[in-house]
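Below is one structure, written out as structure tokens; the observations come after it.
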Amino acid sequence: MIKTDVLVIGAGPVGLFAVHQLGLIGLKAEVVDNLDKIGGQCIELYPDKPIYDIPALPECTGESLTNNLLEQIKPFKTNFHLNERVEQIIKENNNWKITTNKKKIFLAPNIIIAGGVGSFEPRKFSLEGAEKFENKSIFYSIKDKNNFKNKKISIFGGGDSALDWAIELSKLAEVTLVHRRNEFRGVESSGNKVKELEKEGKLKIKTPFQINSIEGKENITSITIKDESGKIEKISTDYVLGFFGLIMKLGPIVEWGLNLEKKTIPVNTENFQTNKEGIFAIGDICSYPGKLKLILSGFHEGALAARACFKLARPNEKYRFEFTTTSKSVQDRLGITKK
Amino acid sequence: MPKITYIEHNGKSHEIEVSKGLSVMEGAVQNNVPGIDADCGGSCACATCHVYLDENWYNKLPQKEAAEEDMLDMAFEPKKLSRLSCQITVTDDLDGLVVKMPSKQG
């Protein structure tokens, strides 16, 4: 069990800056995020897209913003629990007992939900009946490529994941790459590579096709694919891999007894607390009159939520407002040594 | 104001007057039309404001950019006449536009 002052859910820019604000006032935070990397939407959806509305940063990218924030919170030596999703929270005396999908348990008086639009999950096949083959014949990620050795594999998608895996798996399996249009959106070199491999007879490409049906009892034996004109083709296959990117789902948050309004959590703007004491919501996931879904708003929200966390984490201490420019104790926390 | 008709997957139709300059997505979200999620808020980064057009309207609209086409790969059941409604800006020319929503956005 990990005891901490604040559990932050979400490692996007707003969660990261909340860690900074907590660190400044001497509170320790642990961060959980369902993605395999830090940065949230910034890193997953638009790492290279320029952002122009971060105060005092005329231009940055999702990636550079994330890196800067990580630099800013470095003094606080925060633990990140990536690839992990908070499943359950239970009130235990003055603490929240928080359990993740990996059965890790945290005990903290405060939870800050900086969950954006929810946790990222793979987009799945919409086909009826596809679900029952999931993790048996249908996969949305690959853990061990050797499981696919000498098998027949149909890969769906046109992005980097689909192309990279088509190239990689074509070395050890019989691969058919299926995509809804003739152009691939992955990097050009990968697109060229799969076309080259097709010419060499090392993999098959089927475009513009989408999945139409799945056949098989316990495991998939074959699928059919269909193009816009209605033409159907059958492919004998052992495994189906879908790489359609990620989608955001609110997930278990809906079961925590929080008030919800159109997939957002209403908060009061004094301290960004939800309807539950010790649970705060900041960033895109919170709503209040006048809410703007901007990163800069999330920074402000985190600053206020952090101060409110202090009350529950240090009930016997008085919170003192201090500036980083002048406060010795704040500068100590930042690891700054005056010469 | 241009009138836009949003038809839910179940056939329920919403005729909405949308101010010029807004996106078709914003027209739906601001008027509580269900069926368009717009998780990313309109930055062409999530494919959850996906709509279907008819051929006439599809050809009449300014063509989609590569980023939208790329994003449509990730949409739920994309078709030939699919668009992302955040990338369609409402103008007078769009008066009478009809968009249909897929059964879900993701």
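The values are calculated or read from the model by the stated rules, or taken from the named source; none is laboratory data. Not measured: the values here are computed from a predicted model. Reconstructed Cβ throughout: ideal geometry from the backbone, glycine too, with neighbour counts over all protein chains shown.
Brief remarks on what is shown
- Taking (1) in contact (Cβ under 8 Å) with a residue 24 or more places away in the chain; (2) within 14 Å of chain A (Cβ to nearest Cβ); (3) over 11 Å from the mean Cα position of the chain (by Cα); (4) closer than 15 Å to B:Gln105 by Cα in turn, B:Glu55 satisfies each apart from (4).
- If you go through the range B:62-92 and keep only what is among the acidic types (Asp, Glu) and touching a residue at least 60 places away in the same chain (Cβ under 8 Å), you end up with just B:Asp92.
- Meets criteria (over 26 Å from the mean Cα position of the chain (by Cα) and either acidic (Asp, Glu) or on the phi < 0 side of the Ramachandran plot (or both)) for A:Ser297: no
- Test: A:Glu198 is under 29 Å from the mean Cα position of the chain (by Cα), free of Cβ contacts under 8 Å to residues at least 24 places away in the same chain, surrounded by 14 or more Cβ atoms within 10 Å (Cβ to Cβ) and over 19 Å from B:Met74 (Cβ atoms): no
- Filter result (β-branched (Val, Ile, Thr), within 20 Å of the chain's Cα centre (by Cα) and either modelled with pLDDT under 95 or over 25 Å from A:Met248 (Cβ atoms) (or both)) within the range A:112-171: A:Val117, A:Ile142
- Count - residues of the range A:259-278 that are of a type in the set (A, V, I, L, M) and under 20 Å from the mean Cα position of the chain (by Cα): 1
- Note on the range A:44-64: residues that are surrounded by 21 or more Cβ atoms within 10 Å (Cβ to Cβ) and assigned to a helix (DSSP H, G or I) total 1.
- The range A:273-296: number of residues that are within 13 Å of chain B (Cβ to nearest Cβ) and part of a loop (DSSP other than H, G, I, E, B): 4
- Filter result for B:Ala45 (in a helix (DSSP H, G or I) and within 12 Å of chain A (Cβ to nearest Cβ)): no
- In summary, A:Ile235 fulfils each of the numbered conditions (1) outside any strand (DSSP E or B); (2) buried (at least 17 other Cβ atoms within 10 Å of the Cβ) with the single exception of condition (1).
- Qualifying positions in the range A:244-272 - assigned to a loop (DSSP other than H, G, I, E, B) and either within 14 Å of chain B (Cβ to nearest Cβ) or among the β-branched types (Val, Ile, Thr) (or both): A:Phe244, A:Gly245, A:Leu250, A:Lys262, A:Lys263, A:Val267, A:Thr269
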